[in-house]
Amino acid sequence: MRDINDLRKEFENFNEKNFNGNPAFGPDGQCAAEEEVDLKDYPSYTEALYAKLIAPHVSGIYISRWDIKDIALEAGDSMAIHPRKRMFELLMKFATSRENMQAVLDALEAHMEDKIAIYTECMTKFPNSAEVFQPKIDKARKTMKLFPQIIEEYFPE
């Protein structure tokens, strides 16, 4: 009987903590204490960039397979549709030079700006949606600030 009472108390504490004004997670499901991860913590720059750019919970923007195809086309590469990770790997094979990587990042930034414009329009038309879209916009802007660091980190002059 003691175990069930302990479980009940733990559940009550969980509810108090998460649902009464002090949530452990933000509106997009992420932990409030996001720690910065250095790009050098990953085994390859492809893995680092995949984690930073393609993961929507980090970048704020979902990038579909068609988006990767369009980004590649805008950067000067052409590719077929594959799983997202494979397409991103192919895009990184194209971006082995500083110029190509800059073209990819420029195309990615333009894509992200387009998504931000959509989010902003939604927030304008539906002000209550700001709590959903503003964190995504903030993450996208933070991700775009990382682009010069990516160039300097992986393609030094």
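The values are calculated or read from the model by the stated rules, or taken from the named source; none is laboratory data. Values in this document were obtained by computation on a predicted structure and should not be read as measured data. All Cβ positions, even for glycine, are placed from backbone atoms using ideal geometry, and neighbour counts span all protein chains on display. The accessibility values were calculated without ligands, DNA or RNA, using every heavy atom of the protein model including side chains. Shrake-Rupley method; radii C 1.70, N 1.55, O 1.52, S 1.80 Å.
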Need the failing condition index for Asp41 against (1) at pLDDT 90 or above; (2) closer than 22 Å to Glu153 by Cα, just the number. (1)
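To keep it simple, each residue is scored yes or no on (1) closer than 26 Å to Tyr154 by Cβ; (2) at pLDDT 90 or above; (3) in a helix (DSSP H, G or I).
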{"position": "Asp28", "(1), (2), (3)": "no, no, no"}
{"position": "Asp67", "(1), (2), (3)": "yes, yes, yes"}
{"position": "Asp70", "(1), (2), (3)": "yes, yes, yes"}
{"position": "Met79", "(1), (2), (3)": "yes, no, no"}
{"position": "Ala107", "(1), (2), (3)": "yes, yes, yes"}
{"position": "Met112", "(1), (2), (3)": "yes, yes, yes"}
{"position": "Thr120", "(1), (2), (3)": "no, yes, yes"}
Suppose we filter region 103-140 for residues that are in contact (Cβ under 8 Å) with a residue 40 or more places away in the chain, under 24 Å from Leu91 (Cβ atoms) and either among the charged types (D, E, K, R) or open to solvent by 80 Å² or more (accessible area, probe 1.4 Å) (or both); how many remain? 3
Taking region 45-62 and keeping residues crowded, with 22+ Cβ neighbours inside 10 Å and assigned to a loop (DSSP other than H, G, I, E, B) leaves Gly60, Ile61
Region 141-157, residues that are surrounded by 15 or more Cβ atoms within 10 Å (Cβ to Cβ) and among the polar types (S, T, N, Q): Thr143
Given (1) hydrophobic (A, V, I, L, M, F, W, C); (2) more than 13 Å from the chain's Cα centre (by Cα); (3) under 17 Å from Thr143 (Cβ atoms); (4) open to solvent by 30 Å² or more (accessible area, probe 1.4 Å), where does Ile71 come up short, assuming only one miss? (4)
